[in-house]
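Student: To start, I am sharing the structure in question, which I have written as structure tokens.
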Amino acid sequence: MAPIQISEGLYQLKVPMRANPLGYTFSYLLSDSRTLIDTGIPSWDAYASLDRQLGEVGIKATGIERVVLTHLHNDHVGLVNYLRERSTVDILAHRVAIERQQEQTRVYRELYRATSQELQFMGGGAFQQFLGRFERAFSREDAEPLRIDKPLEDGQQLELGQRKLRVIWTPGHAVEHICLYDADRRTFFSGDHVLPKITSHVSLHTWEERDPLGDYIASLEKVRDLPVDIVLPGHERNFTDLAGRVDQLKAHHRARLEEVKQALKAGRNTVFDVAGAIHWDSRPWVIMDFWTKRMAATETYAHLIYLRNKGEVSETKVEGVLTFGLV
């Protein structure tokens, strides 16, 4: 993999991911300020690839001075500590990233219990015995929060060498997600908020009190009409029609919400029941492995909560299982 020059002083780096159909995460180098936007997964292969690509434009990984994180998912933050172990690097992320990590640290102390209870709440109790095989894998007591050196705010202007980037807080895919907008060069760094082909995973766990789909749709509207010549995402490929892609994503979620309501009309009422009645692009529900089913269920739950908050769906708990119905 070789770095691609997008414009003067801006390079796109492909950081490989093993065992992931997306193949790689894009990291962006602003060379004059020695800044990276996102990093890639935590592996030596990924670090070696990042270091080699930086070297091709005359900068070693040890020369990076700061990293701006779009969000805290592992494929975007994973190499931060690899960089920190070798040089002094400032880490910038939205202020909510700090709060989010504090919340996750509390959950991680009893992650297996929380996951087991969630499975029951969602109507997936039949998988409980299977989940039990992985109890030890849920031990995250030693998980250390990522240190954020400079918390960012929505609308804040970052002056990075010759570039000025506006921070746009776009919760949905992740509550701390930000995009970055270079108005002078009409360049939009979209992270995982707007991807050119796949739809971002918008999910919710039963221990969270949020409406991520509501946030996501509002965040799409927030960026739709920005004057943009090129969109630089976290995965897949670059593209140009931001407004058109935003409209496609909104249409996708409208269709998904209709599927959810049709499933409820047909008598499905638990999260797992509804998820099993939805069309999934990746593969049919019946042949999904358990972990993919769990992801699909958390996405379905986000859609149900959105409809509940709109007053279109009711939520009750029957014998320890959440059930939903049309109002």
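Student: May I ask you to give the average projected area over all directions of the convex hull of the Cα atoms of the chain, in nm² rounded to one decimal?
Tutor: If you wrap the Cα atoms of the chain in a convex hull and average its projections, you get 16.4 nm².
Student: When the Kirkwood radius is taken over all Cα pairs of the range 207-254, what Stokes-Einstein diffusion coefficient follows at 4 °C and 1.567 mPa s, in µm²/s?
Tutor: Here the translational diffusion coefficient equals 108 µm²/s.
Student: With only Lys, Arg, Asp and Glu charged, each at its Cβ (+1 for the first two, -1 for the last two), find how big the charge dipole of the range 203-327 is about the Cα centre; round to the nearest 20 debye.
Tutor: It comes to approximately 260 debye.
Student: Here's something else I'd like to know. As a test of the formula, what do you get for the chain when each DSSP H run with n ≥ 4 contributes -39,500 (n - 2.57) and the sum is divided by the residue count, at 222 nm and rounded to the nearest 500 deg cm²/dmol?
Tutor: After summing the helix terms and dividing by residue count, I get -11000 deg cm²/dmol.
Student: Note down the relative contact order for the chain as a percent, whole number, built from C-alpha pairs under 8 angstrom at least six residues apart.
Tutor: Over the chain, the number comes to 13 percent.
Student: Which value results for Rg/Rh of the range 111-189 when Rg is the Cα radius of gyration and Rh the Kirkwood radius based on the inverse mean 1/r?
Tutor: Reported Rg/Rh, Kirkwood definition of Rh: 1.23.
Student: Right, next: Please sort 7-17, 104-114, 186-196, 309-319 by packing, taking for each peptide the average over its residues of neighbouring beta carbons within 10 angstrom, highest first.
Tutor: 186-196, 7-17, 104-114, 309-319
Student: Further question: Could you please rank Val274, Val175, placing first whichever residue has the fewest other Cβ atoms within 10 Å of its Cβ?
Tutor: Val175, Val274
Student: Output the 0 to 90 degree angle, nearest 10, between the alpha-carbon long axis of helix 212-224 and the longest principal axis computed from the alpha carbons of the chain.
Tutor: That helix lies at roughly 40 degrees to the long axis.
Student: While we're on this one: What is the distance, in nm, between label points placed 7 Å from the Cα along the Cα-to-Cβ direction at Met1 and at Val107?
Tutor: With each label placed 7 Å out from Cα toward Cβ, I get 2.7 nm.
Student: Sorted by packing (mean other beta-carbon atoms within 10 Å per residue), highest first, where do 197-206, 55-64, 69-78 land?
Tutor: Those peptides, ordered most packed to least, come out 69-78, 197-206, 55-64.
Student: List Trp207, Trp285, Trp44 from most exposed to least, where exposure is judged by having the fewest other Cβ atoms within 10 Å.
Tutor: Trp44, Trp207, Trp285
Student: Give me the dipole magnitude in Debye, nearest 20, for the chain about the Cα centre, with unit charges on the beta carbon: positive for Lys and Arg, negative for Asp and Glu.
Tutor: 420 debye
Student: As an exercise, use a Förster radius of 22 Å and the Cβ-Cβ distance of Glu221 and Gln157 to find the FRET efficiency, rounded to the nearest 0.05.
Tutor: FRET efficiency, Glu221 to Gln157: 0.50.
Student: For the residues Arg18, Arg256, what sequence is obtained by ranking on other C-beta atoms within 10 Å, fewest first?
Tutor: Arg18, Arg256
Student: Quick one: length gained pulling Thr62 to Asp247 fully straight, 0.36 nm per residue minus the C-alpha distance?
Tutor: That pair, Thr62 and Asp247, stretches by 62.5 nm at full extension.
Student: I've got another one for you. With equal scatterers on the alpha carbons only and no solvent term, can you work out the Debye log10 of I(q)/I(0) for the range 1-142 at 0.12, 0.15 1/Å?
Tutor: Here log10 of I(q) over I(0) equals -0.60, -0.82.
Bear in mind these aren't lab numbers, they're just calculated from the coordinates by the rules spelled out. Keep in mind that what you see is a predicted model, and the values were worked out from it rather than measured. Cβ: placed from backbone, ideal geometry, glycine included. Neighbour counts: every protein chain shown.
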